[in-house]
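Report on the structure given below.
Values in this text are rule-based calculations from the coordinates and carry no lab data. Just so it is clear, the structure is predicted and the values come from calculations on it, not from any experiment. Positions of Cβ are backbone-derived with ideal geometry, glycine not excepted, and every protein chain shown enters the neighbour counts.
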Amino acid sequence: MNPSLDSETIQEELRELAGHGVVERMDVDGMMRYRLTDDGHDELEGTRLFEAESTLKHYYEQTE
């Protein structure tokens with residue numbers, strides 16, 4: 001299980017990722033949102049991170 005992080009820590013990490021071009025910050029209806037950039041996607045491509053959605057979907061379907 002992942003440790004709990006406070007919102008300030010998360011915001012700090014997201015700002016750092018934005019500074020490196022991995023994510024971009026967007027104001028959507030007055031709320032800050034973050035989007036993975038194309039460079040960020042390329043950087044993470046070989047990490048198997050993108051397989052998480054299908055894995056989680058499999059477990060979700062098992063619990064229904």
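What's the long-distance tail for the chain, i.e. % of Cα pairs beyond 16 Å? Intermediate results must be reported in sequence, preceding the final value.
On the way: 1273 of 2016 pairs.
Value for the chain: 63 percent of Cα pairs lie more than 16 Å apart.
In degrees from 0 to 90, rounded to the nearest 10, what is the angle of the helix 52-63 Cα long axis to the longest principal axis of the chain?
40 degrees
Among ALA18, TYR34, LEU56, whose Cα lies farthest out toward the positive end of the dipole of the stretch 7-63, if unit charges sit on the beta carbon of Lys, Arg (+1) and Asp, Glu (-1)?
So the residue we want is LEU56.
With each run of n ≥ 4 DSSP H residues scored as -39500 (n - 2.57), what mean residue ellipticity at 222 nm is computed for the chain after dividing by its residue count and rounding to the nearest 500 deg cm²/dmol?
Numbers: 3 runs with 32 residues, N = 64.
Mean residue ellipticity at 222 nm (helix-derived): -15000 deg cm²/dmol.
Between THR47 and HIS20, how high is the FRET efficiency from 1/(1 + (r/R0)^6) when r is the Cβ-Cβ distance and R₀ = 22 Å? Nearest 0.05.
Working: r = 16 Å, r/R0 = 0.71.
According to the calculation, E is roughly 0.90.
Dipole size in debye (nearest 20) for the chain around its Cα centre, Lys and Arg Cβ +1, Asp and Glu Cβ -1?
Working: 6 positive and 17 negative charges, 20 e Å.
Dipole magnitude for the chain comes out near 100 debye.
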